[in-house]
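Novice: Got a structure for you, written out below as structure tokens; questions coming shortly.
The values are calculated or read from the model by the stated rules, or taken from the named source; none is laboratory data. Quantities reported herein were computed from a predicted structural model and do not represent experimental measurements. Positions of Cβ are backbone-derived with ideal geometry, glycine not excepted, and every protein chain shown enters the neighbour counts. For the accessible areas, the whole protein counts, side chains as well, though only heavy atoms, and no ligand, DNA or RNA atoms are used. Shrake-Rupley method; radii C 1.70, N 1.55, O 1.52, S 1.80 Å.
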Amino acid sequence: MIYVYEIILLITLLKSIVLAGKFNLSSQNYLLIYLFITFLVELFSWIILLIDKNSKWSFQYNVYCVFCILFFSFYYSIQFHKNLKKIASLFSFILMIYILVSTNFLVENLDSKLVIALPIFYILNTMLWFYQKIALPSEGKITDDPIFWISAALLLWGCFFIFRVIPRYLFDSTDQGFLILLRELVYIVNSIMYLLFFKGLMKYETIAKNKNK
């Protein structure tokens, strides 16, 4: 399943590159940057495992978690109205202070606090966006908004990872078979996530085409 996920990620990245070539980076709210960094991190991790299958090197994921928080803080700050923007910005600021004070993202091993902080960040920001969309409805369908698909993807990933990460030590001691299943399900959830991203990019493309008519 890992290869299916990597192929879907690559296809989504290529779609983003084509879209940026046709229009510009801002036409997709700079998602190309996120997708490109994600692909590089996964490629780097794959190369490490090829060199040493037992490698525990996870420094790249520590830095990646921080990057994701910074990127989607910017991504959603463009979308939120005044009051929600203040809430989201305050939460992002507090979270970054927490990361700097309580975590060590510059070490070789994966910091579990970062892995928990990222999905919580995704869940809060996506729920704020859905709240805003319901409280201030637009004329068009919500499914025509590309951010709906991006938010749905991040919410799905965030909810799954909270369930996967927080009780992992309990499952490790009581039900290792279920823990192994959760590890395999990661690739399925990641695949669905980037399929939703691809759908979001298609919506961005439709909006960009309509603007250029």
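Novice: Considering every residue within the range 132-150, establish whether at least one is of a type outside the set (Ser, Thr, Tyr), under 26 Å from Thr206 (Cα atoms), open to solvent by 80 Å² or more (accessible area, probe 1.4 Å) and within 17 Å of the chain's Cα centre (by Cα). If you could, list the steps in order and put the result at the bottom.
Specialist: Kept after step one, since they are of a type outside the set (Ser, Thr, Tyr), are these residues of the range 132-150: 132-137, 139-142, 144-150.
Now narrow it down to the ones that are under 26 Å from Thr206 (Cα atoms): 132-137, 139-142, 144-150.
Now narrow it down to the ones that are open to solvent by 80 Å² or more (accessible area, probe 1.4 Å): 134, 136-137, 139, 141.
The next check asks that each one be within 17 Å of the chain's Cα centre (by Cα); those that pass are none.
No, because not a single residue in the range 132-150 is of a type outside the set (Ser, Thr, Tyr), under 26 Å from Thr206 (Cα atoms), open to solvent by 80 Å² or more (accessible area, probe 1.4 Å) and within 17 Å of the chain's Cα centre (by Cα).
Novice: Here is a list: Ile123, Ile99. Which entry is of a type in the set (Val, Ile, Thr), modelled with pLDDT under 90 and within 21 Å of Arg164 (Cα to Cα)?
Specialist: Just one listed residue meets the conditions, Ile99.
Novice: Could you go through the range 40-49 and let me know if any residue there is touching a helix residue (DSSP H, G or I) at 6+ places or on another chain (Cβ under 7 Å), under 18 Å from Tyr187 (Cα atoms) and either among the aromatic types (Phe, Trp, Tyr) or open to solvent by 70 Å² or more (accessible area, probe 1.4 Å) (or both). It would help to see each step written out before you state the result.
Specialist: Restricting attention to the range 40-49, the residues satisfying the condition of being touching a helix residue (DSSP H, G or I) at 6+ places or on another chain (Cβ under 7 Å) are 41-42, 44-45.
Filter once more, so that each one left must be under 18 Å from Tyr187 (Cα atoms): 41-42, 44-45.
If we keep only those that are either among the aromatic types (Phe, Trp, Tyr) or open to solvent by 70 Å² or more (accessible area, probe 1.4 Å) (or both) too, we end up with 44.
Yes, the conditions are met somewhere in the range 40-49.
Novice: So, one more: Take the residues in the range 57-77 that are under 13 Å from Leu128 (Cα atoms) and open to solvent by 20 Å² or more (accessible area, probe 1.4 Å); name whichever of them is modelled with the highest pLDDT.
Specialist: Looking at the filtered set, the residue picked out is Ser73.
Novice: If you go through the range 106-124, how many residues are closer than 10 Å to Phe59 by Cα and buried (at least 18 other Cβ atoms within 10 Å of the Cβ)?
Specialist: Within the range 106-124, the subset closer than 10 Å to Phe59 by Cα is 106-111.
Applying the additional criterion that residues be buried (at least 18 other Cβ atoms within 10 Å of the Cβ) yields 111.
So the count comes out to 1.
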